[in-house]
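Accompanying notes for the structure given below.
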Amino acid sequence: MELNIFNTGTKFTEAKELVKEVYLMDERPWVVGFSGGKDSTAVVQLVFQALQELEASQLHKKVYVISSDTQVETPLIIDKITRTLGRIQKKALELGLPFETQKVRPKVDQTFWSSIIGKGYPTPRQKFRWCTDRLKIEPANRFILDKVDQFGEVIMLLGVRDSESATRAAVMQSHTIEGKKLMRHSTLRNAFVFAPIRVFDVDDVWEFLLQYDSPWGDDNNELLELYQSSNSECPLIVDKEVKESAGSCGNSRFGCWTCTVVSEDKALSGFINNGIDWLRPLYDFRSFLVQIREDHSKRQKQRMNGEVYLLPYNDEPEEGQVIITKAEIKQYLDSNNINLATVEDLNILVEEEDGSLKRFGVGPFTLKAREEILRQLLRTQKQVRELYDPNVELITVEELKAIRKYWHDDLQWEDRLPLIVEEETGETYDWNHNDRPVFKEDQLTDLETLCQEEGVNLSVLKQLISVEKDYSGVKVRRGLFQAFDKTLKQDFLHL
C-alpha cells in the first residue's frame, strides 16, 4: 500500500474489520443508503471490499443498496447514480456478492410536482421543508419497513460522521446503545443504524476514496471534481431527527435542482459556469419558483383546511387599502363576493383593538397559479429536450394524471389540464374518463349564477357536491354527514 500522508491506513483497516464483524454477527439484512456523494460512496466501497475478503459460505445475508430518487435531481447526477448502481450490481454478480441495488421513489401522488402543482403546496423554505419527508424519508422508510416485515429486523448503514457537525454528533450519541456497535433508529421499530465511517473526518473520506480504487470501476477522481466548486452533499436521510442537522441540499451537486430553501443555487450555477449551458432553463425555472412563492397574489388567503389567519402588518397603509375590524371581515367578504381561495389582490387590512394592523396570511397556490407553474415547467422541459436530450422527463405522465385528479378534487371541474398539456407540448394522452368533470361548462355557469342569486357560497356548494359524489354508490355511507359537517365548519364561513 502506498504511503498515506494522513497516516490513517490503520483507521481504514479497523473500519473494514468492524464491517466484517458486524456483518457476521447475526442474520439481519443490511440496507445501505447511497446518495452518490463522497460519504455514502465510501460506505458502499468499504462494505464491498470487506465482503470480498469473506469466504463464500460466510456471505449469508443480503446487502440492499438503495438510492433515493426524488425525481427532481439534476439530470446529470441522477444519470451518474443510475450508472453507478448498475455497475455495483453487475460487479457484485460477477464476484458472487449478495448485493442488490434499488432506487426508492415517492408515491406518484406525493412527488414534488404532485404536491406543488397538484395540491398547491408552496415551494419549500427553511421553516417549511416538507420536501425532505415526502421525497426522501418516507420512500426510504417504506423500503425499510417492507424488509422489517420480511425479516423481522434490519440494519441500516449510513455515511454519517461525528465530525460533520456538533448537532449530528449529539443526535447520533443519543441513539447509541452503550457498549454496542449499533444505534437505535429514532422512529422505526426493529430497525437499527450502523455508521461504519463514524470516526472518519473529511480528509479520511477523501483519502480512502482516492487511495483505493472503486471495486466496481468508477473513477473517484471524477467524484472529487464534482466537489471542487461545491462544499456540501445531499445525504440519504432516513431519520426525522437528523433532518435538521443534515441541512439543505440546495447548494449540493447531489441535491434537487428545484431547491428553493437556499437563496441561490450554487450547484446549478457552478455547472453552468463550467460550460453546461443546457442547464440554464432549469436554473431560470428554479428562480421562477422562488419568485412565485413570494407573490401573495398567487396564493390563497386561507389554508388547505379552510383556516384563516392574520399576520402583523408593519408598513404604512397604501393608498386604496381598506381597513376594517375583525367583526366586519365576514360581512365585507360576503358583500364583495370575495372567495379567499381564488382572490388575487386582497387589498384589506384588519385593525386590532389596540390599533395595530394585520393582513391576511397566505396558504396554497391558487389554481390559476398552479396552471401557470405547469405551463412554465412544460416549456422548460421542451427547452431542455431541444438543448440536451429529447427523452428528458421533468414531469411524468403519471404525475400529470395525479395532478389532474387533485385539481378535480380542488373543484376545478372544467378539466383544464389535458388542454394545457396539449397546448404546451402538442401531445395527447389516454386520460382516465372516470375522472371526467361532474358538470359541463355551461352547467357550471348556471350553477354560479344560481349561487349569486341565492347568496350561496359557490366554493362550499362545490365541496358539498364533491363529498356527495365520493360517497355515491357506497352501500354504507358512514362518515357522509361528518364530511358535510367538516365542510360547513370551515373558518372562512364563520369569521
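The values are calculated or read from the model by the stated rules, or taken from the named source; none is laboratory data. Every value quoted in this text rests on a predicted model; they were computed, and no experiment measured them. All Cβ positions, even for glycine, are placed from backbone atoms using ideal geometry, and neighbour counts span all protein chains on display.
Return the residues of the stretch 107-161 that are among the acidic types (Asp, Glu) and touching a Phe, Trp or Tyr at 6+ places or on another chain (Cβ under 9 Å); say none if nothing qualifies.
Once the filter is applied, which keeps residues that are among the acidic types (Asp, Glu) and touching a Phe, Trp or Tyr at 6+ places or on another chain (Cβ under 9 Å), the stretch 107-161 yields 109, 153.
Across the stretch 18-44, which residue is farthest from residue 205 (Cα to Cα) among those that are in a helix (DSSP H, G or I) and touching an Asp or Glu at 6+ places or on another chain (Cβ under 9 Å)?
Among residues in the stretch 18-44 that are in a helix (DSSP H, G or I) and touching an Asp or Glu at 6+ places or on another chain (Cβ under 9 Å), the one farthest from residue 205 (Cα to Cα) is 20.
Of these, 282, 224, 311, which one is modelled with pLDDT of 85 or more, assigned to a strand (DSSP E or B), touching a Phe, Trp or Tyr at 6+ places or on another chain (Cβ under 8 Å) and not polar (S, T, N, Q)?
Matching residue, one of 282, 224, 311: 311.
Determine whether residue 377 is touching a residue at least 40 places away in the same chain (Cβ under 8 Å) and either farther than 30 Å from residue 319 by Cβ or part of a helix (DSSP H, G or I) (or both).
Yes.
Any residue in the stretch 337-351 that's assigned by TED's automatic domain parsing to the domain that holds residue 320: show its pairings with residues that are at pLDDT 85 or above and acidic (Asp, Glu) at Cβ separation under 7 Å, as long as the two are six or more apart or on different chains.
none
Which residues, taken from the stretch 125-169, are within 30 Å of residue 394 (Cβ to Cβ), part of a loop (DSSP other than H, G, I, E, B) and either at pLDDT below 90 or among the hydrophobic types (A, V, I, L, M, F, W, C) (or both)?
126, 127, 129, 158
Which one of these is surrounded by fewer than 18 Cβ atoms within 10 Å (Cβ to Cβ), touching a helix residue (DSSP H, G or I) at 6+ places or on another chain (Cβ under 8 Å) and modelled with pLDDT of 85 or more: 399, 427?
One residue alone meets the criteria, 427.
Go through (1) in a loop (DSSP other than H, G, I, E, B); (2) closer than 25 Å to residue 38 by Cα and name the single condition residue 120 misses.
Evaluating residue 120 over (1) in a loop (DSSP other than H, G, I, E, B); (2) closer than 25 Å to residue 38 by Cα leaves (2) as the failure.
Report every pair of residues separated by at least 6 positions or lying on different chains whose Cβ atoms are under 6 Å apart, first residue within the stretch 171-195 and modelled with pLDDT of 80 or more, second of a type in the set (Lys, Arg).
187/240
Within the stretch 372-389, is even one residue out of contact with any Asp or Glu (no Cβ under 7 Å at 6 or more places or on another chain) and at positive phi?
no
Working only within the stretch 305-331, note down all residues that are of a type in the set (Lys, Arg) and over 13 Å from residue 351 (Cα atoms).
330
Quickly run through the stretch 10-45 and pick out the residues that are over 16 Å from residue 194 (Cβ atoms) and either in contact with a strand residue (DSSP E or B) (Cβ under 9 Å, 6 or more places away or on another chain) or surrounded by 24 or more Cβ atoms within 10 Å (Cβ to Cβ) (or both).
35, 36, 37
From 90, 127, 119, which residue is surrounded by fewer than 16 Cβ atoms within 10 Å (Cβ to Cβ) and farther than 30 Å from residue 213 by Cβ?
Sole residue among the options that is surrounded by fewer than 16 Cβ atoms within 10 Å (Cβ to Cβ) and farther than 30 Å from residue 213 by Cβ: 127.
In the stretch 123-159, what residues are among the aliphatic types (A, V, I, L, M), in contact with a strand residue (DSSP E or B) (Cβ under 8 Å, 6 or more places away or on another chain) and touching a residue at least 60 places away in the same chain (Cβ under 8 Å)?
Across the stretch 123-159, the qualifying residues are 135, 140, 144, 154, 155, 156, 157, 158.
Considering the stretch 233-278 alone, what residues qualify as being under 27 Å from residue 157 (Cβ atoms), at pLDDT 70 or above and either outside any loop (DSSP other than H, G, I, E, B) or of a type in the set (S, T, N, Q) (or both)?
256, 267
Condition first: touching a Lys or Arg at 6+ places or on another chain (Cβ under 9 Å) and assigned to a helix (DSSP H, G or I). Now tell me which residues in the stretch 67-77 satisfy that.
Within the stretch 67-77, 76, 77 qualify.
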